[in-house]
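Below: one structure, written as structure tokens.
The values are calculated or read from the model by the stated rules, or taken from the named source; none is laboratory data. Everything numeric here is computed off the predicted structure, so don't read it as measured data. Glycine gets a Cβ as well: all are built from the backbone with ideal geometry, and neighbour counts include every protein chain shown. The area values use the complete protein model at the heavy-atom level, side chains included, leaving out ligands, DNA and RNA. Shrake-Rupley method; radii C 1.70, N 1.55, O 1.52, S 1.80 Å.
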Amino acid sequence: MLMKTTRLIIDRQLKRKFSANKKKQKTEYSSSLGDQVGYRKKLNIQNVDGIEKGDENLIFGSCQKGSSSNWPVKTNTKSKTRRSSILRKDIRGRKKRKMEKVVKVDEVVEPMDLISELPVSIIHHILSFLRCPRDVARTTVLSKKWRSICASFFTLDFDQKRFKMLGGDHMEKFITFVDNSFTTKLEPMHNIQKFKLSLSQLSPKLKLRINEWISASINKDVKELEIHVEEKKKRHYMLPNIVLTAKTLTSLKLYGCKLDGKGVIDLRNLKELSIKNAYVNADVIQGFVQGCPLVEDLRLVHCTGIGRLQISTLHKLSRVELHECHGLVCVHIELPSLLRFLYWGKESWECNINLAGCANLKYLTLRDSNLTDELFQDQMSKLFYLEKLVLRGCDKLERIIILSVNLKELSVIRCKKLEVINIYAPYLSVLEYSGGKFPFSSMDVLDLHEAKLHLEVRKNRFVVLHELLVFLQKFENDGAWTLVVSSNKNITIHEELRKIQNLSSNDLKLELIKSPVKLKGYVDNLLRMSRPKTLSLVSSSSSELLKSVKEKIMSREENPKCCTYYLKKCWLHYIKDVTMVVFEAAEIGETSQNLQQTTFRFNWQS
């Protein structure tokens, strides 16, 4: 009994001692783990995978037998795994905190998508400039919001010519296709953005279906309506009266349609009106003036029966274009809101144009063969804010004087009797002239950046060329100018306006360009459009333009990859062969030793 009691006491003492040693080991392990993490932070070791594979001996090397460290002497697989897991958690936590900081910085720096925040109506207006419906569909990849925007921007575009190319009973196929489209696509929609219908041949059945299609689109609150009827026998389509009372329409474009002058016109939200190839009498014009109070853009093209056009009540109207309207005898507009006006008449037509009440007009284009010097000067004296003026085919003009501090662009094209042009426009930047004479007697243009001159010399060739050379001498002092001369499939570019003696052709196209960036684009476009036989550059050997042309020609391949994604290829794709010849200054009659003429002779593919 005593022995049993003694054994029990010894066993209990051993158990107590064992438990005490175990607690001591745990305490030592906890302290060593703290030192280990601190040492880990000092080393800034980030490769946890390396630790897992045994690299932890680099950190825990002092844990071996005989070490003076306080870390445990004995380690087993369990303790190693536990320490590795704790280290991994610590590293993941620090990485996570770093990533959160980076995300916060990116959120601050990332620009906002301001376009998506615009009102839907404005985004619809932007999408309306995309010609292809596929381009509109591509915007759906931007975000979920754009998907809903594009879904609400619903357009219908039908062209009869596409079915005519298929042959057979194309008329019936076209009608069936449009009917099915209206049934499957239009019925679920609350409203549609645009309905366009292009017809090349009419039939009694088709006329009935057109009326139904137009009525269905108007019932769906269509905003833009375009009807194009191109009948060879000039059988115009009678537009239903429901179109002229559609209050949701903002744009109405009609081609080859008849209009009922007795019907009521109530298009209170219309902003754009275009009528082409139609008979439009005074009653119809008056109806549109009264029924479209918000119209901003008015265009009448190849219309007959107008007679007199008088507008003074459309206070939102900013643009008026009149193209070859037979029978138009008078145009009288009094609108301070008008900014653009274009009149395009024929030689035998007489039309009295009065824009005296349009003091804020900025862009004026006239093709009026009956415009006299007195009428022109009278109009110009009242247009103080004019920025762009185009005179084309004004054959009665003989002498024009332009005094304007706001004019920026001037074009005078083929005015046969024009003898003298005097210009005082200090801010004129673009000048264009085409004719058989050189009429510029005096010019005061301080801000000129571009001048296009096309001289068709038939009489007094030497006199005209002398006047042209005197004109070019005015730009010699400003070394930034470059002269491009085109004649008979030959192009010469003078980068310095010195003694130019090669102007001997009867048909010269000259362009003075001041911007080096624009010059490179102009040369590329010239080579693409005209495909000249030779291109000569009179410049220094260090010319940037010369280097650019050389680099493009010399580095070209048999199948250039510069236009992989374009249908219209650049000029490099059509070169069959090219040779380069360099002439020194003495050979071209130049006194400056820095100048040379580099001529490229092209052989183009047929």
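Regarding Leu391, is this residue touching a Ser or Thr at 6+ places or on another chain (Cβ under 8 Å) and part of a loop (DSSP other than H, G, I, E, B)?
no
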It is to be established whether one or more residues within the range 233-254 are farther than 24 Å from Asp157 by Cβ and either part of a loop (DSSP other than H, G, I, E, B) or touching a Lys or Arg at 6+ places or on another chain (Cβ under 9 Å) (or both).
yes
Among residues of the range 419-457, those that are in contact (Cβ under 8 Å) with a residue 40 or more places away in the chain and in contact with a Ser or Thr (Cβ under 9 Å, 6 or more places away or on another chain), counted
9
Would you check which residues across the range 496-528 are part of a loop (DSSP other than H, G, I, E, B) and either modelled with pLDDT of 85 or more or open to solvent by 60 Å² or more (accessible area, probe 1.4 Å) (or both) and list them?
Glu496, Arg498, Lys499, Gln501, Asn502, Ser504, Asn506
So, Leu208, is that one among the hydrophobic types (A, V, I, L, M, F, W, C) and in contact (Cβ under 8 Å) with a residue 12 or more places away in the chain or not?
no
Restricting attention to the range 231-279, which residues are closer than 16 Å to Ile306 by Cβ and of a type in the set (Gly, Ala, Ser)?
Gly261, Ser274, Ala278
Can you pull out every residue in the range 328-341 that is open to solvent by 30 Å² or more (accessible area, probe 1.4 Å), farther than 19 Å from Leu294 by Cα and in a strand (DSSP E or B)?
His332
Take Tyr433 and tell me if it is open to solvent by 30 Å² or more (accessible area, probe 1.4 Å), aromatic (Phe, Trp, Tyr) and at pLDDT 90 or above.
no
Of the residues in the range 313-370, those that are under 14 Å from Leu298 (Cβ atoms) and of a type in the set (Phe, Trp, Tyr) number 2
Restricting the range 368-385 to residues that are under 19 Å from Leu428 (Cα atoms) and in a loop (DSSP other than H, G, I, E, B), the one nearest to the chain's Cα centre (by Cα) turns out to be Tyr385
Among Asp135, Asp157, Asp169, Asp179, which is touching a Lys or Arg at 6+ places or on another chain (Cβ under 6 Å) and at pLDDT 65 or above?
Asp157
Using beta carbons and a limit of 7 Å, which pairs, at least six apart or on different chains, have the first residue in the range 181-192 and part of a loop (DSSP other than H, G, I, E, B) and the second one of a type in the set (Lys, Arg)?
Met189/Lys220; Asn191/Lys220; Ile192/Lys220
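So, in the range 349-367, how many residues would count as being part of a loop (DSSP other than H, G, I, E, B) and either in contact with a Gly (Cβ under 9 Å, 6 or more places away or on another chain) or crowded, with 20+ Cβ neighbours inside 10 Å (or both)? I'd like the intermediate steps shown before the answer.
Of the residues in the range 349-367, the ones part of a loop (DSSP other than H, G, I, E, B) are 349-351, 355-362.
Applying the additional criterion that residues be either in contact with a Gly (Cβ under 9 Å, 6 or more places away or on another chain) or crowded, with 20+ Cβ neighbours inside 10 Å (or both) yields 349, 351, 355, 358, 361.
Total meeting the criteria: 5.
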So, first residue more than 13 Å from Leu386 (Cα to Cα) in the range 328-343, second residue among the small types (Gly, Ala, Ser) and open to solvent by less than 10 Å² (accessible area, probe 1.4 Å), Cβ within less than 8 Å, six or more apart or across chains; the pairs are Leu328/Gly345
I need every pair where a residue in the range 82-103 that is at pLDDT 75 or above has its Cβ under 7 Å from the Cβ of a residue that is not in a helix (DSSP H, G or I), sequence separation at least 6 or different chains.
Ile91/Gln46
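Looking at Leu314, Leu322, can you tell me which residue is modelled with pLDDT of 90 or more and not in a loop (DSSP other than H, G, I, E, B)?
Values: Leu314 fails: not in a loop (DSSP other than H, G, I, E, B).
Exactly one of Leu314, Leu322 is modelled with pLDDT of 90 or more and not in a loop (DSSP other than H, G, I, E, B), namely Leu322.
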Need pairs with beta-carbon distance below 8 Å; first residue β-branched (Val, Ile, Thr) and within the range 584-605, second modelled with pLDDT under 65 and open to solvent by 20 Å² or more (accessible area, probe 1.4 Å); sequence gap 6+ or separate chains.
Thr591/Lys499
Is there a residue in the range 348-356 that is small (Gly, Ala, Ser) and in contact with an Asp or Glu (Cβ under 8 Å, 6 or more places away or on another chain)?
yes
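Considering only the range 386-408, state which residues are under 16 Å from Glu419 (Cβ atoms) and over 30 Å from the mean Cα position of the chain (by Cα).
Just the residues of the range 386-408 that are under 16 Å from Glu419 (Cβ atoms), to begin with: 391, 394-402.
Of everything in the range 386-408, those that are under 16 Å from Glu419 (Cβ atoms) and over 30 Å from the mean Cα position of the chain (by Cα) turn out to be Cys394, Asp395, Lys396, Leu397, Glu398, Arg399, Ile400, Ile401, Ile402.
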So which pairs qualify, if the first residue must be in the range 287-298 and farther than 8 Å from Leu314 by Cβ and free of Cβ contacts under 8 Å to residues at least 60 places away in the same chain, the second must be of a type in the set (Asp, Glu) and open to solvent by 10 Å² or more (accessible area, probe 1.4 Å), the Cβ gap must be under 6 Å, and the two must be at least 6 apart or on different chains?
Gly291/Asp266; Asp297/Glu272
Which condition breaks for Val301 when tested against (1) surrounded by fewer than 15 Cβ atoms within 10 Å (Cβ to Cβ); (2) within 21 Å of Thr250 (Cα to Cα)?
(1)
Tell me, yes or no, whether the range 459-471 has at least one residue that is farther than 23 Å from Pro516 by Cα, open to solvent by less than 20 Å² (accessible area, probe 1.4 Å) and of a type outside the set (A, V, I, L, M).
no
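Can you tell me which residue is surrounded by the most Cβ atoms within 10 Å (Cβ to Cβ) among those in the range 193-206 that are in a helix (DSSP H, G or I) and touching a helix residue (DSSP H, G or I) at 6+ places or on another chain (Cβ under 9 Å)?
Restricting to residues being in a helix (DSSP H, G or I) and touching a helix residue (DSSP H, G or I) at 6+ places or on another chain (Cβ under 9 Å), the top hit is Leu206.
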